[in-house]
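What follows is calculated from the coordinates using simple rules that are stated; it is not laboratory data. Computed from a predicted model, the values in this text were never measured in an experiment. Cβ sites come from the backbone with ideal geometry, for glycine too, and all protein chains shown count toward neighbours.
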């Protein structure tokens, strides 16, 4: 239902003022910088192998399914990811069925969906990784067996690895690994900014009277970061600083979606600080843009500390 005091966003005068210009700068300028960084640092190198290169090696696709230490079997990471995927998917479907498609007006629902997609892709790669792990263990045993026969003078032929693996399959795995890696890095910042803004800004200050804090609301603003941190504790994925660019583009896409929607449809703002008619709107937008740095940085710090301590405490088994 449209609130009575909502400004008419379909009126051209709503958009033609200095506040909208400053807000647009706070959104569009970081997105342009992010695109330039992605183009400079990556371009198409992850999707186009050079001559003689193994695309699977170049993309470090093993990092998407290998646990951080050798003592953890890849199947443990697979089970965790599958369980997280179905829990998130069930929560997503239940929330959407109870509140309708309008839930996608909220950044929380966007991010929750993105986290669910990440766990779905990561589960597929973990299943592939378990197959690769089992095959490598089998081949190691075969090589050891043949070596023993050779010492005894046997002429048993060497059981080698499957050489018929098509390059197309390697390319698909490499692309899926790259997408999964980017999803992880985008979600790292998105879940932090989603939950921190909700619990630190929206819930204590901006919620309406008689606000109903139910289980599903807490679930949507808590389990995303908890499950992603659990996956972070197990996986080998890194969080380089330049990948904050995808996080910036994700948030910028949401804001632009809101602008386009409100320009053509008289509808409420899902978050009061997005309303461009407020005289504090430029400050809100600038503040939200700055929040991307500490939100991504905090998650990156957690990942770096994990790898640092694991390399110190378990130098022989740390495999990231």
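For region 245-320, what does the alpha-carbon gyration tensor say about shape, rounded, prolate or oblate, given a ≥ b ≥ c as the root eigenvalues, a/c under 1.5 as rounded, and a/b over b/c as prolate? Note, shape of region 245-320 comes out prolate.
Here the contact order of region 182-263, divided by its residue count and restricted to Cα pairs under 8 Å and six or more residues apart, works out to 60 percent.
Applying 0.36 nm per residue to the separation of residue 134 and residue 217 and subtracting their alpha-carbon distance, the gain on full extension is 25.8 nm.
Is the shape of region 233-278 rounded, prolate or oblate, going by the alpha carbon gyration tensor and its root eigenvalues a ≥ b ≥ c, with a/c under 1.5 for rounded and a/b larger than b/c for prolate? Prolate is the answer for region 233-278, as a/c is 1.5 or above and a/b outweighs b/c.
So if we plug the beta-carbon distance of residue 28 and residue 127 into 1/(1 + (r/R0)^6) with R0 = 35 Å, what FRET efficiency do we get, rounded to 0.05? Plugging the Cβ-Cβ distance into 1/(1 + (r/R0)^6) gives 0.30.
Considering only alpha-carbon pairs that sit under 8 angstrom and 6 or more positions apart, the relative contact order computed for region 63-138 is 48 percent. Taking label points 7 Å from Cα along the Cα-to-Cβ direction, residue 35 and residue 277 give a separation of 3.1 nm.
Using the Cβ-Cβ distance between residue 319 and residue 241 with R0 = 30 Å, the FRET efficiency computed as 1/(1 + (r/R0)^6) comes to roughly 0.85. So how far, in whole Å, is the C-alpha centre of region 250-320 from the one of region 63-125? One Cα centre to the other: 19 Å. Note on residue 93/residue 260: beta-carbon distance plugged into 1/(1 + (r/R0)^6) with R0 of 35 Å gives a FRET efficiency of 0.85.
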